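For reference, the structure is listed below as structure tokens.
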Amino acid sequence: MKISLACLLLGLAFTSAAPDARFSCSECVDEMHKLGGMVKYGAKDIEDYLTANYCPTLPEELSERCVEDHGRHYIGMLYTIVNHFFVDGAVHICQTMGCVMLGGILVRSAWKVWNGLRAT
């Protein structure tokens, strides 16, 4: 009984001493930028995969056009989407996690932001 109680207390001590597993806002934005870079880095592989696996599933008249369109437009389209959502929209996506940025300063809640902006 004493050993199990000691193990329980030791386990609680370890979990309370663990660092916070959540991202800060700046870490989240950095990770979104890195994710965008990884998608851009793999753009040619993604295009080749879709051309090899998706285009043959289309009807024959669309299959040839699919191969041409992928070769001409896919990477540019993918870069545009990545820039919009992962690079330019990184702060917005991270805000949906619950962090609010005010001039580069992390604020824990919108209530604190509004109270800080009110003239008193």
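Structural remarks
- Positive minus negative residues near Leu62 (Lys, Arg vs Asp, Glu; Cβ under 12 Å): -4
- The phi torsions of the stretch 65-73, fed into the Karplus equation with coefficients 6.51, -1.76 and 1.60 and a -60° offset, translate into couplings of 5, 4, 4, 5, 5, 4, x, 8, 10 Hz, rounded to whole numbers, with Gly and Pro shown as x.
- The Cβ shell under 14 Å around Tyr74 holds other residues with a net charge of -1, Lys and Arg each +1, Asp and Glu each -1.
FYI, it's all coordinate maths here, none of it is from the lab. Remember, predicted model here, so these are calculated numbers, not experimental data. Quick reminder, even Gly has a Cβ in these numbers, built from the backbone with ideal geometry, and neighbours come from all protein chains shown.
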